[in-house]
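The values are calculated or read from the model by the stated rules, or taken from the named source; none is laboratory data. In this text the structure is predicted, and so the values were computed from the model without any measurement. Reconstructed Cβ throughout: ideal geometry from the backbone, glycine too, with neighbour counts over all protein chains shown. Ligands, DNA and RNA are excluded from the accessible area calculation, which covers all protein heavy atoms including side chains. Shrake-Rupley method; radii C 1.70, N 1.55, O 1.52, S 1.80 Å.
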Amino acid sequence: MITTSSRVLIHSPNPDELSSLAKKLRDEGFRAIDATTPRDVLAAVAEEAPNIVIIDADRTPRMGLALIKELKRREGMQHTRVFLIAGDKSASLERGAMEAGADSYLAKPYGDAQLFSRLGLLARLATMQEEISRRSQTAAKYGVASAAAVPEPAARPTDVSVLVLEQ
């Protein structure tokens, strides 16, 4: 089994929140990369190739959504997991984040358990995607064609049935 710490790029215009979140991530074993401006985010994405990008859009949710769209348009970023944190717990902002390409959304205030449970899921997805790419490259060396990535679904399912059980 290959073990690596996930590279997590954190963007927040608030330096105090940025350093606090980066410290929490490092304490949990993640490799945190800081970015205070959208320009810094785009530069760090090109240099560091993060597995996960966390965008704190507490004060500027529209800018956060625009940044997600820009990241997902960039070459090689389609499978990078994006996590939006916002101060607004509105369904329309969460829906907008998912439509822009975010993989997870968390409203403030949140607990560390919520944050790290979602990050753990995104880190596992990123690890699996990297493993698929590695195996595809190995197969190509031996003349075997295989998909380098699992394709994203063309659309989100709309005809889903959910069973809720409660005492």
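Less than 12 Å Cβ to Cβ from K24, Lys/Arg counted +1 and Asp/Glu -1: what total charge do the surrounding residues give?
My count for the surroundings of K24 gives -2.
Using a 1.4 Å probe over the heavy atoms of the protein chains, calculate the carbon and sulfur portion of the accessible area of the chain as a whole percent.
Carbon with sulfur: 54 percent of the solvent-accessible area.
Suppose every K and R has +1 on its Cβ and every D and E has -1 on its Cβ; what is the size of the dipole of segment 39-129 about the Cα centre, in Debye to the nearest 20? Mind dumping the intermediate values first?
On the way: 13 positive and 12 negative charges, 46 e Å.
Magnitude of the dipole: close to 220 debye.
Considering the chain as a Gaussian network with a 10 Å cut-off on Cα pairs, which listed residue, I68, I132, I33, attains the greatest mean-square fluctuation?
Maximum among the listed residues: I132.
Mind counting lysine pairs for me in segment 1-153? Cα separation below 21 Å, and the two need to be 8 or more apart along the chain or on different chains.
4
Could you do me a favour and compute the accessible area per residue for segment 10-87, 1.4 Å probe, result in Å²?
50 Å²
Say the dipole of the chain comes from +1 at the beta carbon of Lys and Arg and -1 at that of Asp and Glu; which of P38, L84, S146 then lies farthest toward its positive end?
Result: S146, furthest along the dipole toward the positive end.
Report the full-extension gain for the segment Y110 to A145: residue separation times 0.36 nm, less the Cα-Cα distance, to one decimal in nm.
Full extension from Y110 to A145 adds 8.2 nm.
Mind checking which of P13, P50, P109 has the largest fluctuation in a GNM of the chain, springs on alpha carbons under 10 Å?
Among P13, P50, P109, the largest GNM mean-square fluctuation belongs to P109.
Quick one: putting +1 on the C-beta of Lys and Arg, -1 on the C-beta of Asp and Glu, what dipole do you get for the chain around its Cα centre, in Debye to the nearest 20? Walk me through the numbers on the way to the answer.
Details: 22 positive and 22 negative charges, 72 e Å.
Approximately 340 debye in magnitude.
As an exercise, identify the GluC sites (Glu not before Pro) in segment 61-166 lying in DSSP coil whose Cβ has no more than 13 other Cβ atoms within 10 Å.
Within segment 61-166, the qualifying GluC sites (Glu not before Pro) (loop, at most 13 other Cβ atoms within 10 Å) are E75, E166.
For the chain, modelled as a GNM with alpha-carbon contacts under 10 angstrom, which of P157, P61, P38 fluctuates the most?
In this elastic network of the chain, the residue with the biggest mean-square fluctuation among P157, P61, P38 is P157.
Rounded, prolate or oblate for segment 37-167? Axes are the square roots of the Cα gyration tensor eigenvalues, ordered a ≥ b ≥ c, and the cut-off for rounded is a/c under 1.5.
oblate
Note down the magnitude of the dipole of segment 27-85 about its Cα centre, charges +1 on Lys and Arg C-beta and -1 on Asp and Glu C-beta and zero elsewhere, to the nearest 20 debye. Show your work: numbers first, answer last.
Values: 9 positive and 10 negative charges, 85 e Å.
Here segment 27-85 has a charge dipole of around 420 debye.
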